[in-house]
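This report refers to the structure that appears directly beneath it.
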Amino acid sequence: MIKKLLAAVFFLGWVTLAMAQTPDTVAAKVNADTVKKAAEAPKVFIPKIKKQPTYHPDSTHSPSLAVKRSLIIPGWGQLYNKKGAWWKVPAIYAGLGALGYSIVDNQKKYKMFLALTRIKNTGGIPEPGQLYYSDYIKYQKEYNLYINANATQTQEASSNYQRNFQISILSVLLVWGVQTIEAYIEAKFIQSYTVDDNLSFKMMPALINQPVFASSGVGSYIPGIKVTFAL
């Protein structure tokens, strides 16, 4: 009787021990399968991230100083900014020079045709001591050149040259103002957005991570092209 009782207790203890070890065995098997699948999964290539350009705004560069210099002398603000001044300054002075020549030429022709109009309005060639005689002596060559033109035609020519003279002056002021604004914008850019000198444009293959809803665990990356601008 005692032997049967001991045998029953031993059997129940062994069964209990076996049941207690079953979850650990199952968990160990699951972990082993997970490690095996991870080892068999393809490796994902992640490109190495290179150092990005360092931003260093020039807080000592004054846009107001660039404006003041450009207002005093055209091109001085561009020289102060130093960026691209090698072609901006000659372009500014080429434009101002052409407009200056236009001002002088149009003013000269305006005065000439105005004098010819006054002479023709007299009805004949002025004599010494008469009104506009000095204009006739000064523009005698031009008077003979436009002998067949009437007073109305010379008056229209005078008005045209007067208009061109005024437009040329306004154009000088416009160029002066534009180069001042350009100097300010350039100085503002230097002060706020200057970066290093590593100017580059790079393209390289890369892998793009899919959105969570489209991800399937293994193979959740899709091929792509990485474009990098370094300003």
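The values are calculated or read from the model by the stated rules, or taken from the named source; none is laboratory data. All values reported here derive from a predicted model rather than from experimental measurement. Heads up, the Cβs are rebuilt from the backbone with ideal geometry, glycines too, and the neighbour counts pull from every protein chain shown.
Descriptive notes on the structure:
- Within region 146-182, the set of residues being under 31 Å from the mean Cα position of the chain (by Cα) and free of Cβ contacts under 8 Å to residues at least 24 places away in the same chain comprises Ile167, Leu170, Leu173, Leu174, Gly177, Val178, Ile181.
- Hits in region 87-112 (condition: in contact with a helix residue (DSSP H, G or I) (Cβ under 8 Å, 6 or more places away or on another chain), among the basic types (Lys, Arg) and within 28 Å of Tyr136 (Cα to Cα)): Lys109
- Flag if Ala157 is at pLDDT 95 or above and on the phi < 0 side of the Ramachandran plot: yes
- Cross-chain or 6+ apart pairs with Cβ under 6 Å, region 133-144 first and of a type outside the set (Lys, Arg) and surrounded by fewer than 18 Cβ atoms within 10 Å (Cβ to Cβ), then at pLDDT 95 or above and in a loop (DSSP other than H, G, I, E, B): none
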